[in-house]
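Only the coordinates and a few stated rules stand behind these numbers; no lab work does. Note that this is a predicted model, so its numbers are computed, not measured. Note that we place each Cβ from the backbone using ideal geometry, even for glycine, and neighbour counts take in every protein chain shown.
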Amino acid sequence: MTSKVKNLKGLEKELSISFSLKDMDPTIESKLKELSKNLDLKGFRKGKVPMNVVKSKYYQQCYNESLSEHIEQNYIQVIIDEKLNPVAPPKISIDENKNKEKLFFKALIEVMPEVKIVNIEKIKLEKPKLKVKNIDLEKAVEKIADQYKEWNLVERKSKNGDRVKADFSGTINGEEFDNNKAEDFLIEIGSKQLIPGFEEGLIGLKAGEEKKLDITFPKDYQDSKLASKPVNFDIVVKEVLEPKVSEINEEFVKKLGIEDGKIETLHSKIKEGMEKDAITLIDSYMKKNVIKELSKSQKLEVPKTLVSEEISRIDKENNPNGDIKISEKDMEKLYMKEATERVKAGLLLREIINNEKFEITQKNISDWIDTVSRGNNNRSEIENYYMNNEDAKKNMESVILENFAVKWVIEKAEVSEKNYSFDKLMELR
C-alpha cells in the first residue's frame with residue numbers, strides 16, 4: 001500500500017491511496033469457498049458445486065465485496081498512521097483505469113481541529129443577582145389577583161380588556177379552511193392570543209351585533225398553508241363581559257392557601273418562589289453567556305460537516321412538524337451563525353471536559369434530577385426515565401459534564417454582579 005495526504009481548504013484533506021489487486025486474491029478465494037459450502041444449484045448436490053462453476057457465477061460478487069473491504073481497511077490504516085481524526089465517513093472515488101495491477105482511490109475527509117483553551121482569565125462575565133423589593137411583591141400579588149378576576153355580563157359596547165363570547169367563521173377566497181369556525185368562543189380583547197387584527201376588530205361591538213372582518217394571517221403563522229393569506233371572518237357577538245379584579249384582602253389571601261390570611265405571609269411565600277426560580281434562571285443565563293464569551297475568546301476553525309448537521313438540528317427544533325418549508329440555501333442563511341457558534345462552543349466545552357477529567361457522582365445525578373423535576377410531583381417517574389433509558393441517561397450525563405465545564409470557566413473568568421428585579425430577570429430567559 002502507498003498513500004499521500006494532501007491538505008485542502010480549511011480542515012479538508014485528500015488521501016490518495018493505492019494497493020495491489022493481488023492483495024485481494026486470498027479474500028476473494030475465502031469468500032468463494034465459504035459461499036460454496038451451502039450453495040444449492042440445479043444439477044449439483046448442495047455444497048458440492050465445482051469451484052469453477054461457483055467462480056463463473058459468483059466471482060464478481062465476491063470481488064466487489066472484497067474490494068469494499070480492502071478500500072475500508074487501507075483507508076483506516078492511513079488514518080491510524082497519519083494520526084487523523086475524521087469528522088465523518090469519507091467520500092470515496094475510485095480510479096480503475098490507472099493500472100490493472102493496482103487500485104487507486106481517493107478519500108476526501110474533514111478532520112477535527114486542534115483545540116487549545118487559552119486566556120480564560122481574560123473573559124468578562126456579568127452575573128445577575130436577584131434583588132426583591134416590596135414593589136416586586138406587590139406587582140406579583142396584583143398579577144395573581146388578575147388571574148382570579150371575575151367576568152360580569154354588561155350591556156354596552158366592548159372595549160380593550162373585555163371578554164367577548166362570539167361565533168365566527170372564516171374563508172380564504174370564498175373557501176373554508178381547517179379550524180375556520182367556532183361557536184361560543186371566548187376572546188379576551190388585548191390578550192394577543194389570536195392573529196393580529198382579530199381582537200382589535202371586536203372593539204366597539206355589543207351583544208347581538210355582527211361584523212365582517214378582513215385581515216391577513218402573519219407570514220410566520222404556524223400553519224404554513226395559511227401564512228400571509230388574506231382571510232374574511234363573519235363574526236356574531238353573543239356576550240360582552242367586563243373584568244372585576246379580586247380585592248386583595250384577608251379572604252383573598254386565605255383563598256390562595258395562606259391560613260393566617262396575612263399579606264406579609266403571602267409576600268414571604270412569593271419571595272421564596274422567586275428566589276428558587278431565580279437560581280434556575282441565573283444558571284441558564286450564565287451558561288448561555290459563558291458559551292457566547294468562550295466562543296468569542298477562542299480562535300478555532302469549525303468543521304463544515306458539523307455545522308451542516310447543526311443547521312438541520314436547529315431547523316428541527318424550530319420547525320418540529322415540518323410545517324414551514326424552507327430551502328437548504330435559506331436554511332443556511334438563517335442558521336449559519338447560530339450553528340457555527342454552537343459547534344464551536346461544543347468543541348471547546350468538550351476540550352475542557354477532557355482536560356479536567358470531570359467525574360459524575362451519584363449526588364450530581366440526584367441534584368440534576370431535583371432541578372429538572374422542580375415543580376413536579378413525579379420525581380420518581382423522572383428519575384426512572386433517566387436511569388432506565390440509555391439515550392436519556394447519556395444526554396443527562398452530557399449536560400452535567402457541560403455544566404461542570406461552564407462552572408470551571410466561571411471560576412477562572414472575571415465575574416461582576418449586577419442587581420436585577422424579578423421582572424428584569426425574567427426578561428433574560
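Could you work out how far helix 362-372 tilts from the main Cα principal axis of the chain, as a 0 to 90 degree angle to the nearest 10? Orientation of helix 362-372: about 50 degrees from the principal axis.
Each part gets one Cα centre, and for region 57-78 versus region 208-248 those centres are 66 Å apart.
The value of relative contact order for region 211-296, using C-alpha pairs under 8 Å at least six residues apart, is 16 percent. Report the FRET efficiency, 1/(1 + (r/R0)^6), for Asp277 and Glu251, where r is their Cβ-Cβ distance and R0 is 25 Å, rounded to 0.05. So the FRET efficiency works out to roughly 0.35. Compared with the dominant principal axis of the Cα atoms in the chain, helix 51-81 is inclined by about 60°. Restricting the GluC sites (Glu not before Pro) of region 76-115 to loop positions (DSSP other than H, G, I, E, B) with no more than 16 neighbouring Cβ atoms within 10 Å leaves Glu82, Glu96, Glu101, Glu114. Per-residue ellipticity at 222 nm, computed for the chain from helices alone with -39500 (n - 2.57) per DSSP H run of at least four residues, works out to -15000 deg cm²/dmol. The charge dipole of the chain, taken about its Cα centre with unit charges on the Cβ atoms of Lys, Arg (+1), Asp and Glu (-1) only, comes to about 1900 debye. Helix 379-388 axis versus longest C-alpha principal axis of the chain: approximately 10°, rounded to the nearest ten. Here's the picture: charge each Lys and Arg Cβ at +1 and each Asp and Glu Cβ at -1 in the chain, and of Ser228, Val53, Ser66 the one pushed furthest to the positive end of that dipole is Val53. Between the residues Gly322, Val5, Ser308, the greatest Cα displacement towards the positive end of the dipole of the chain, with unit charges on the Cβ of Lys, Arg, Asp and Glu, is found for Val5.
Distance between the C-alpha centers of region 313-360 and region 254-305? Whole Å please. Distance between centres, Cα-based: 23 Å. Computed on the chain, with alpha-carbon pairs under 8 angstrom and 6+ residues apart, the relative contact order is 18 percent.
Here region 150-244 is described by how far its Cα atoms reach on the three principal axes: 39, 23, 18 Å, from widest to narrowest. The slack between Ser191 and Asn388, meaning 0.36 nm per residue of separation minus the straight C-alpha distance, is 66.7 nm. In a DSSP loop and with at most 15 other Cβ atoms within 10 Å, the trypsin sites (Lys or Arg not before Pro) in region 114-206 are Lys116, Lys131, Lys133, Lys149, Arg156, Lys157, Lys159, Lys192, Lys206.
Applying the criteria of a DSSP loop state and at most 12 other Cβ atoms within 10 Å to the GluC sites (Glu not before Pro) of region 376-429 yields Glu427. For the chain, the fraction of C-alpha pairs more than 30 angstrom apart is 70%. Multiplying the residue separation of Ser421 and Ser169 by 0.36 nm and removing their Cα-Cα distance gives an extension gain of 86.3 nm.
Between region 9-43 and region 399-429, the C-alpha centres lie 56 angstrom from each other.
Legend: calculated FRET efficiency, Asn179 to Gln60, from the Cβ-Cβ distance at R0 = 60 Å, rounded to 0.05, equals 0.55. Taken over region 2-110, the percentage of Cα pairs per 10 Å bin, counting from 0 up to the bin with the maximum distance, is 13, 37, 24, 16, 8, 2, 0.
With the charge dipole of the chain set up from +1 on Lys and Arg Cβ and -1 on Asp and Glu Cβ about the Cα centre, the Cα lying farthest toward the positive end among the listed residues Ala278, Val240, Leu108 is that of Leu108.
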